[in-house]
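Contents: one structure, followed by commentary.
The values are calculated or read from the model by the stated rules, or taken from the named source; none is laboratory data. Just so it is clear, the model here is predicted, and its values are computed rather than measured. Cβ placement follows ideal geometry from the backbone for every residue including glycine, while neighbour counts extend to all protein chains displayed. Heavy atoms of the whole protein, side chains included, go into the accessibility calculation; ligands, DNA and RNA do not. Shrake-Rupley method; radii C 1.70, N 1.55, O 1.52, S 1.80 Å.
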Amino acid sequence: MTKVARAPGVDWRSYIQGFLARAAGNSAYNFAKPARPPMVRELLGEQPFFMPERGGHGCNHVMVVGDVSGSIGEAEHRAILSSLVEMAGDLNPKTISVAWCCTQIHRIDMFEGTPGADMLDEFYARNPIPRGGGTSFIPPFTMMESVGQGGAAGIPASSSQDTISALVAAGTPDGLIYVTDLDGPFPADAPGYPVLWVSVDQRGRHPWGERVDINPQELL
């Protein structure tokens, strides 16, 4: 216990923020006018001040894939997703897509810009996260290979035309974050965009991409 306590740990939030910054870069601010709607920040012991407006999108498309094989509960997935979306918001992405997958992709949720916590809560109260069995990491990457070429192969047949059009328009992600226990088959080759495995099981192994371990219970 003492050895574990003294070992330097990895702050998974900082790691993910660093991954997103490396993958997509940071969006610029326009100090000529305040953000709309106004955003006020207050530092300890200082007067409140208005945040400047974003000068543009820091990235085009951030994708999150959730493993719904049963290794991660719905409440944990929602907590992790809220945290990831909040961190991705610093990049002011044009699109955030969320794919729910076990051995197949069950559903894709598309968000224009960065949804707030209330919007996410309301959305997933109306659209519960699907559940499945088994795990394969191949379907999302196969789908995104098609999407990157302007196709729609691999997108769930139950998807609306609006969802299909939005995902195809978003195209290849600037970065993909996969939340999983890392127990399943992987594609043989890494894609041409950055991938971060957010693992809830330290025993898992990954053949390529970056990886950070988290304890979802910390967020509940």
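Per-structure values
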| item | result |
| --- | --- |
| Packing-based order for 71-77, 99-105, using average beta carbon neighbours within 10 Å, highest first | 99-105, 71-77 |
| Share of alpha-carbon pairs per 10 Å distance bin for the range 57-121, given as whole % | 21, 54, 23, 2 |
| Alpha-carbon radius of gyration plus Dmax, which is the widest Cα pair, for the range 44-188 in Å | 16.1, 55 |
| Percent accessible area from carbon and sulfur atoms, the range 134-179, protein chains only, probe 1.4 Å | 51 percent |
| Inter-site label distance for Asp11 and His206 at 7 Å from Cα along Cβ, in nm | 2.0 nm |
| Hull volume in cubic angstrom per residue (convex hull over the Cα atoms of the range 175-220) | 70 Å³ |
| In Hz, Karplus ³J(HN,Hα) per residue of the range 104-115 (6.51, -1.76, 1.60; θ = phi - 60°; x = Gly, Pro) | 8, 7, 8, 7, 10, 10, 10, 10, 7, x, 10, x |
| Prolate/oblate/rounded label for the range 109-219 (Cα gyration tensor, a/c 1.5) | oblate |
| Solvent exposure of the range 143-220 as accessible area per residue, Å², 1.4 Å probe | 49 Å² |
| At 1.306 mPa s and 10 °C, Stokes D of the range 130-173 from Kirkwood alpha-carbon radius, µm² per second | 143 µm²/s |
